[in-house]
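Visitor: Here it is, the structure in full.
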Amino acid sequence: MSDQGFAMGDAERRLANVIRFATVTEVDAGAARAKVTFGGETESHWLQFSVGRAGGARIWSPPTVGEQVLVLSPSGDTGQGVIIGSLPSNSNPSPSSDGGAMVLKLGPVVITITAGGIQAVVSGVTLTLTGAGLNVDGGQVTHNGTNIGDTHQHPESIGSITGPPQ
């Protein structure tokens, strides 16, 4: 193969490696890095992963093993790649099909923000905040350890105790 043919082949390989799909195989969250596979049995070196924000406002959400990601590799050198984002997949589908919602899901916790308000669901307890107010379904509501939910009672002005809220 001529030097020119080798250079062309190398340039084509590097161009094909500039942006690659990969799957996370290992995560070191403390160092903000992960290893990935581009398919097959090989694994990359440790690659830094991007975060939503890293300045005065910070968003921390490291990738997880099995997550499909995009790797940007300057000059097509995957050894110097950076994980720049994630993609939904069959094993990690989107948490919503609502194009007007921002959804954060972590295990059983789901927080949904829409133009109408905010809803947080945690193990069967739902908090909904809208312009009409705050609604709590399930669980109990306490303030400094005191029940202020639907079963609390108040003393009456004549010294006896009222029934729970109606």
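Visitor: What are the residues in the stretch 120-148 that are surrounded by 13 or more Cβ atoms within 10 Å (Cβ to Cβ) and in a strand (DSSP E or B), if any?
Guide: Within the stretch 120-148, Ala120, Val121, Val122, Val125, Thr126, Leu127, Thr128, Leu129, Val136, Asn147 meet the criteria.
Visitor: What pairs come out if I take residues in the stretch 53-69 that are under 15 Å from Glu26 (Cα atoms) and pair them with residues that are surrounded by 10 or more Cβ atoms within 10 Å (Cβ to Cβ) and among the aromatic types (Phe, Trp, Tyr) whose C-beta lies under 8 Å away, six or more apart or interchain?
Guide: Cβ pairs passing all conditions: Pro62/Phe49; Pro63/Phe49; Gln68/Phe21; Val69/Phe21; Val69/Phe49.
Visitor: Given the stretch 1-119, what strands (runs of 3 or more DSSP E) lie entirely inside it while holding 1 or more residues that are surrounded by 10 or more Cβ atoms within 10 Å (Cβ to Cβ), in contact with a Phe, Trp or Tyr (Cβ under 8 Å, 6 or more places away or on another chain) and basic (Lys, Arg)?
Guide: 19-28, 33-37
Visitor: State which residue pairs qualify: first residue of a type outside the set (A, V, I, L, M) and inside the stretch 98-110, second residue open to solvent by 90 Å² or more (accessible area, probe 1.4 Å) in any location, beta carbons under 8 Å apart, and separation of 6 or more residues or different chains.
Guide: What qualifies is Gly100/Ala115; Pro108/Ser123.
The values are calculated or read from the model by the stated rules, or taken from the named source; none is laboratory data. Keep in mind the model is a prediction, meaning the values are calculated, not measured. Glycine gets a Cβ as well: all are built from the backbone with ideal geometry, and neighbour counts include every protein chain shown. Only protein heavy atoms, including side chains, enter the accessible area calculation; ligands, DNA and RNA are left aside. Shrake-Rupley method; radii C 1.70, N 1.55, O 1.52, S 1.80 Å.
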